[in-house]
Amino acid sequence: MPRLESFDMKIKTGERGPNKAPSYEINGFKLDFDEMAGGNGPGETLELSGEPQSFPHSLVLIGPEDGAWDIAEVQLTYQVMGGPPYTVRLGAVTLDGESNLNIWYDRPPKVIDV
């Protein structure tokens, strides 16, 4: 398992957004994002950066305590120790007080033509 130095997220909100700063959990520990730009209200785009400097057994975006958050799409870029950055894209999902979003994905394997 690679050490996660940092990650960047770009979240496009759908019809409902919490208008509240989100947080994340790594290995069960809740953290605030190190940098934030934009907004997560309806139709807005939020850009987030986290620098956990840890080996992620689990990494989740925490759903809002009140209401729901309709996420239209998510783009994640990871910087892991000893390798180049890689990006993963996720589709639509709705988060609430009882749901979180898994945001840890290993580097996709290389595609080789045979």
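Brief remarks on what is shown
- Screening R89, R3 for residues that are in contact with a strand residue (DSSP E or B) (Cβ under 8 Å, 6 or more places away or on another chain), among the charged types (D, E, K, R) and over 16 Å from L101 (Cβ atoms) leaves exactly one candidate, R3.
- Checking region 95-105 against the condition returns a match, with at least one residue being surrounded by 13 or more Cβ atoms within 10 Å (Cβ to Cβ), without any contact (Cβ under 8 Å) to a residue 40 or more places away in the chain and not in a loop (DSSP other than H, G, I, E, B).
- Condition check for Y78: among the hydroxyl-bearing types (S, T, Y) and under 14 Å from K10 (Cα atoms): yes
- The set of residues in region 1-59 being closer than 22 Å to T94 by Cβ and among the hydroxyl-bearing types (S, T, Y) consists of T13, S23, Y24, T45, S58.
- Whichever residue in region 21-63 is closer than 17 Å to D96 by Cβ and among the polar types (S, T, N, Q) and, among such residues, is nearest to the chain's Cα centre (by Cα): S23
- Residues (under 17 Å from E47 (Cα atoms), of a type outside the set (S, T, Y) and either in contact with a Gly (Cβ under 7 Å, 6 or more places away or on another chain) or part of a strand (DSSP E or B) (or both)) located in region 80-91: V88, R89, L90
We did not get these values from a lab; they are worked out from the coordinates using the rules stated. Note that the coordinates shown come from a computational prediction; the quantities given were computed from them, not determined experimentally. A quick note on method: Cβ atoms are made from the backbone with ideal geometry, for glycine too, and the neighbour counts reach across all protein chains shown.
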